[in-house]
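Below is one structure, written out as structure tokens; comments come after it.
The values are calculated or read from the model by the stated rules, or taken from the named source; none is laboratory data. Note that the coordinates shown come from a computational prediction; the quantities given were computed from them, not determined experimentally. So basically every Cβ, Gly included, is an ideal-geometry build from the backbone, and we count neighbours across all protein chains shown.
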């Protein structure tokens, strides 16, 4: 457990000698990461993973990170008609069933503990996105003197928070598949029919259906009521409110829950696990046409430890666990936005080139002219042999691997596939709506407290 520096000196308060019950309440999510890739075959199939982050109860760890978690496939729900139709239109006739998991037990030292859970969220290729450091911008703008001042101002707080992040950042332990493995996954996913997989490294939020109890223990000494961590400290929490830039409005309330207890440097407890953070949305912009992405910003303004009154505490988003496929970016003030891929114009360009090649009828652009230029006719040879590579590419973009073969059998069909692919890629990458910022409830976050007053004269 990491420590933070007290913001101000305060006399010791009277300490209680009453033992506390260590209880992980119903509804608390367990972050489980799959250890291996497995093919989904049937209901009841065993699934294994490990606990990605430690679970705390009040002021200590009760379930360590890395603990083995065992579950099973509870249901295989059929997809909706629209989802099935969209897959078929892309040349994918795979089942695409919704896989519902339940985790049943977790290993502790010397015992296997039964648990009851329901999986609510899943994130593939999870990464911890950290807010851009304002100090880097200052360095670029103001040179050596500004670098020295900025470094001196933030050394104390950043030393603590960076040490804390390195010590507890379990996300770094989730190894991404290599390039060859990613290529294999891509190739299998583009087959006309392929089995469904539970991919290695996918993270699931498994909410407890029943509380877990771990006995009673003497509590850590508590810091005086009203004590707060040092400015610029980083706290670990999880969102209790679902946020969406397409629906959120400025001033909308939000809540988070501290997931890791916060201690002073002398060992006294400032905030136990379960402390509430409340705040509001300060800015929200939905995604718009021409691939303009949504934006979202929020602040936490108050803290409410268990059995205490709420108190002011200003904090902004410092880091969040999200899928690397989302291309999420945080600015120095905690605002969240989606960055566009630098290669998003490649697919439309290839699709348009494939469409042109598919429409090209071969020598003479589909017409054979006589010596006097009087006659014009389409030759079957030019139609069938003209640009098979372009037709294959157009067929793949429009109808997947099935389209590659069908486009070689029938030129009109290949042309139709290429036209559909071009229209779809141009719309989705250029003309259509961008991507909204969405944070599901239970998403792990880190919040950074507001910096203290400058010591500059």
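Here are the numbers for the structure shown:
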quantity: Any hit, the range 250-265, residues being under 18 Å from the mean Cα position of the chain (by Cα), within 21 Å of residue 331 (Cα to Cα) and part of a strand (DSSP E or B); calculated: yes
quantity: Options 226, 215: the member that is touching a residue at least 12 places away in the same chain (Cβ under 8 Å) and in a strand (DSSP E or B); calculated: 215
quantity: Failed criterion for residue 39 (all others in (1) within 25 Å of the chain's Cα centre (by Cα); (2) within 30 Å of residue 406 (Cα to Cα); (3) without any contact (Cβ under 8 Å) to a residue 60 or more places away in the chain hold); calculated: (3)
quantity: Residue within the range 174-190 that is over 30 Å from residue 70 (Cα atoms), at pLDDT below 75 and more than 19 Å from the chain's Cα centre (by Cα) present; calculated: yes
quantity: Among the candidates 398, 403, residue that is modelled with pLDDT of 80 or more, under 25 Å from residue 186 (Cβ atoms) and part of a helix (DSSP H, G or I); calculated: 398
quantity: Condition met for residue 99 (at pLDDT 95 or above and surrounded by 18 or more Cβ atoms within 10 Å (Cβ to Cβ)); calculated: no
quantity: Hey, residue 241 surrounded by 21 or more Cβ atoms within 10 Å (Cβ to Cβ), in contact (Cβ under 8 Å) with a residue 60 or more places away in the chain and within 15 Å of residue 443 (Cα to Cα) or not; calculated: no
quantity: Count - residues of the range 344-373 that are at pLDDT below 85 and more than 22 Å from residue 387 (Cβ to Cβ); calculated: 4
quantity: Failed item, numbered, when residue 104 is tested on (1) at pLDDT below 85; (2) surrounded by 14 or more Cβ atoms within 10 Å (Cβ to Cβ); calculated: (1)
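Condition check ((1) closer than 21 Å to residue 444 by Cα; (2) buried (at least 19 other Cβ atoms within 10 Å of the Cβ)) across all residues:
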position: 188; (1), (2): no, no
position: 203; (1), (2): yes, yes
position: 215; (1), (2): no, no
position: 227; (1), (2): no, yes
position: 249; (1), (2): no, no
